[in-house]
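What follows is one structure encoded as structure tokens, with my remarks underneath.
Just so it is clear, none of the values below were taken in a lab; they were calculated from the coordinates. Only a predicted model underlies this, so the values are computations on that prediction, with no experimental measurement involved. Using ideal geometry, Cβ is built from the backbone for each residue, glycine included, and neighbour counts are taken over all protein chains shown.
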Ligand SMILES: *Cc1c(COP(=O)(O)O)cnc(C)c1O
């Protein structure tokens, strides 16, 4: 027995969702683990000889290492399961501009990236053959700090691939593999890093090479940080470079999955291949491409879709590329326009993707509906209901997001192979019914105490954050439609609720505003200043730098998760799903996933789910409903104790797990893609 297996474990993100995976690294040196931002390669490189020797002579620890290494072996040895035409030789190729695999790999900014990460983990768990393609940003999304006056400041930490479990790919001659894409009339080179996510491989393109001119080295500089030109250039690299990479590796995907429009240029590259290799016409090539490509849209508002000035598009694509496609400039630009002949229309990646893919889907039932209406204009003559856009509701990776303590309870009642039964409604019903009120409340209370301690360590408030008080989490991007200010509509009423001596309510906030979004920064500042008022500060706290780690702490432990988007702009939302799996109760506008999830017994609904009326009226109505539900339903239910336990509340927690966990997980989502979309 030795510590040696830890080195191999550190090279595959599987550890991050394996039972005892994170704990095994943490227990080597908890402080250093924090310092290394939970990056095991860093930890192993920096651990002191004494701590290492101590662990290496601890039989209990060594046994844990051995057990984890054995599970990993078993996991990796399982044969890939072919499904219809999806085989290891012809896998799914999953393209996305961001991936949120783990906090130590900061290649994501929010929901889209986390969803992509969860998709890969479930594909791995389900043994579905899939490879993923993305970009390695030198500076991932920014870190957030609030100044004393509440104004958000951004700073960027550099990603050092050599400190991470990333391997530079070599070609057959042992030289670094290179991808070339002609961008802005220059050949831009990209090297390729490989990350292992269980059985799934994620390839990351990176232009930070000395052979490139300085500007081109910065193509993969920042995630969404640059201007429009940087963005389109990144998208060329992802789409065109991604296809070239797979070809160099000899991967012949059965299907290309465009997760959001950022990778839509891959369809052009596929067409170019067909035209060049087989001397086909553009129209014939489109047929071939469409058969291989599927598209998931995530944006329910027109303005959220990626669009470019046509002159910019022409500046970054070379005329030789158009020639190889056999397209005139007008025909080329028309591909990205709703009306191909409207010369003033901008070039959108969503129209391009919808045109070039055989299937388009939204990410919840409601979002499917909204997308059909939004994109009907691409299907002249079709009624909205007949627009061929379907939906697959988003889900979350249960092993990643379930607290270890609750996981232990699930394993106790559902068996060690608990995570193989995630879709088994009957198994969940039966198991969760067996958990006693006392046990469920004990688990939840322990996690809440952990959360309060975490808050106190992060926010340096020793003040009065109280583990017994009803605790509401509100963490999400600060963007207009998320309506951060809705809660503050009537501050006096809110303060009465918070400061009730017998039945206090406390809030934990977290979230980032886009660096260029002054309006959202003002909203954040307003909230930050509000919380300095003495009546507020002991019952509300803002955690800076919302990331996957803060999300994990919050979703596993809060009593209530609040979400107040302006309908119908929350395409799906996934953070509430993470909360539900952990027995937290959602208090949310009926939008996105919650429209499908809420059944009257498993959480709380704000508003009546009607659209219509003006924005101001809707906001006022929703605010009123929010306060009323809090005052009349949430608070009384939480504080209504029988023998010291909120039994009716616990009954709702049980309902939340039973009804929501089997549905809103990413195994169900990936299964649905494999059944409905990929074949
Ligand atoms: C889950 C998650 C999201 C997505 O949350 P929604 O607000 O539901 O869209 C965003 N950021 C992080 C860090 C997450 O973990």
Using the Cα gyration tensor of the range 497-622, with a ≥ b ≥ c the square roots of its eigenvalues, what is the shape: rounded (a/c below 1.5), prolate (a/b larger than b/c) or oblate (neither)? rounded
FRET efficiency for residue 532 and residue 647 from the Cβ-Cβ distance with R0 = 41 Å, rounded to 0.05, comes out at 0.60
Specify the inter-centroid distance of the range 630-663 and the range 218-239, based on alpha-carbon positions, in whole Å. 46
Taking R0 as 51 Å and r as the Cβ-Cβ distance between residue 385 and residue 56, the FRET efficiency 1/(1 + (r/R0)^6), rounded to the nearest 0.05, comes to 0.20
What's the Cα-based Rg to Rh of the chain, Rh via Kirkwood? 0.96
What spacing in nm lies between the two simple spin-label points modelled at residue 143 and residue 339, each 7 Å away from Cα in the Cβ direction? 5.0
Would you kindly state how much longer the chain becomes between residue 314 and residue 48 on full extension, computed as 0.36 nm times their sequence separation minus their alpha carbon distance, in nm to one decimal? 90.2 nm
Contour minus Cα-Cα distance for residue 488 and residue 74 (0.36 nm per residue): 143.8 nm
Report the FRET efficiency, 1/(1 + (r/R0)^6), for residue 466 and residue 442, where r is their Cβ-Cβ distance and R0 is 22 Å, rounded to 0.05. 0.75
Once you place label points 7 Å from the Cα toward the Cβ at residue 416 and residue 249, how far apart are they in nm? 3.3
Whole-Å distance linking the alpha carbon centroid of the range 81-116 with that of the range 299-362 is 25
Sort the range 68-195 into rounded, prolate or oblate with this rule: let a ≥ b ≥ c be the square roots of the eigenvalues of the Cα gyration tensor; rounded if a/c is under 1.5, and if a/c is not under 1.5, prolate when a/b is larger than b/c, oblate otherwise. oblate
Give the angle, between 0 and 90 degrees and rounded to the nearest 10, that separates the Cα long axis of helix 404-414 from the longest principal axis of the Cα atoms of the chain. 90
Let me check against my output: what whole-number percent is the relative contact order of the range 334-453, with C-alpha pairs under 8 Å and at least 6 apart? 16
Relative contact order, percent, the range 398-663 [alpha-carbon distance under 8 Å, six or more residues apart]: 22
What's the angle, to the nearest 10 degrees (0 to 90), between helix 282-292's Cα axis and the longest principal axis of the chain? 30
Run the quick spin-label model on residue 154 and residue 429: label points 7 Å from Cα toward the beta carbon, then report their separation in nm to one decimal. 4.9
Rounded to 5, the percent of DSSP beta bridges in the chain classed as antiparallel: 35
Is the range 4-77 best put as rounded, prolate or oblate by its Cα gyration tensor, with a ≥ b ≥ c the root eigenvalues, rounded for a/c under 1.5, and otherwise prolate when a/b is larger than b/c, oblate when not? oblate
